[in-house]
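Comments concern the structure below.
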Amino acid sequence: MAKTNIAVFASGAGSNAQKIIEHFAGHTGIRVALVVSNKANAGVLSIASKNNIPSLIIEKDVFFKGNAYVDELKSASINFIVLAGFLWKIPQRLLEAYPNKIINIHPALLPKYGGKGMYGHHVHEAVLSNKEKESGITIHYVNDKFDEGEHIFQAKCEVKEDDTAESLAKRIHELEHANYAKIIESTLSVLGSRQRRTGSYD
Ligand code: GRF
């Protein structure tokens, strides 16, 4: 049977992308087939090249006002899109081409600490200044609003009294690394069994 081809969209260091690539290396049914980035110098691009995974650098105009790279993704036979540190909003055209097949990871317990501008250290600083006792991660489907799609998975961790944004970020990253690839795999297996039953991924 044909493999499911994932595209990982990432614009940062790419530590989650790295874990996802490692998890699916040699997998019989799922392959990371493409890394997509909006930054030509993103760390994730060297991770892609070290792992012989093709990459695509995208431009704002084409993404938001052109074809949203749907043709390129379809011609690379991409079936599923995973956002891992990708900050642009996903345009309608791409959402329609991949219905319920785009997921994201957010470094907090949504619906708290989500939305435009809530990324990276901004999230952790807000969590600390509100004196939260716990934080965590949320893996969710992507829709046309930042961080508002249906939740797939959450995991929690403690916020310590002496935490800084950096120490909390480290704990959250560990949670992400331990869970994201596994949740991608289980989500794809649910989609795959639905496809076998109905003949369609949708
Ligand atoms: C992660 O914390 C993720 O939650 C967020 O962006 C960050 C990406 O980190 N969406 P990395 O580039 O994978 O290290």
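Results, tabulated for the structure shown:
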| read-out | value |
| --- | --- |
| Pairs where the first residue, in region 8-24, is open to solvent by 60 Å² or more (accessible area, probe 1.4 Å) and the second is near the ligand (Cβ under 8 Å from one of its atoms) and modelled with pLDDT under 95, C-beta under 6 Å, 6+ apart | Ala13/Gly43 |
| Subset of region 126-178 that is touching a Gly at 6+ places or on another chain (Cβ under 9 Å) and open to solvent by 70 Å² or more (accessible area, probe 1.4 Å) - its residue that is nearest to Leu94 (Cα to Cα) | Lys145 |
| Residue among Ile57, Ile30, Ile53 that alone is open to solvent by 40 Å² or more (accessible area, probe 1.4 Å), within 16 Å of Ala76 (Cβ to Cβ) and more than 13 Å from the chain's Cα centre (by Cα) | Ile57 |
| Matching helices (runs of 4 or more DSSP H) fully within region 1-87 where at least 1 residues are among the hydroxyl-bearing types (Ser, Thr, Tyr), more than 24 Å from Gly114 (Cα to Cα) and within 15 Å of the ligand (Cβ to nearest atom) | 43-50 |
| Single match in Ile78, Ile90, Ile102 (criterion: closer than 30 Å to Lys156 by Cβ, buried (at least 16 other Cβ atoms within 10 Å of the Cβ) and touching an Asp or Glu at 6+ places or on another chain (Cβ under 9 Å)) | Ile90 |
| Contacts under 9 angstrom Cβ, first residue in region 85-100 being in contact (Cβ under 8 Å) with a residue 12 or more places away in the chain and closer than 14 Å to Asp71 by Cα, partner within 13 Å of the ligand (Cβ to nearest atom) and of a type in the set (Gly, Ala, Ser), 6 or more apart | none |
| Filter result (touching a residue at least 12 places away in the same chain (Cβ under 8 Å), under 23 Å from Lys3 (Cα atoms) and not hydrophobic (A, V, I, L, M, F, W, C)) within region 43-77 | Asn51, Pro54, Ser55, Tyr69, Glu72, Lys74, Ser77 |
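Matching residues to (1) modelled with pLDDT of 95 or more; (2) not hydrophobic (A, V, I, L, M, F, W, C):
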| residue | (1), (2) |
| --- | --- |
| Ala155 | yes, no |
| Lys160 | yes, yes |
| His173 | yes, yes |
| Ser186 | yes, yes |
| Leu191 | no, no |
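The values are calculated or read from the model by the stated rules, or taken from the named source; none is laboratory data. All values reported here derive from a predicted model rather than from experimental measurement. All Cβ positions, glycine included, derive from the backbone under ideal geometry; neighbour counts span all protein chains shown. SASA here: full protein model, heavy atoms, side chains in, ligands and nucleic acids out. Shrake-Rupley method; radii C 1.70, N 1.55, O 1.52, S 1.80 Å.
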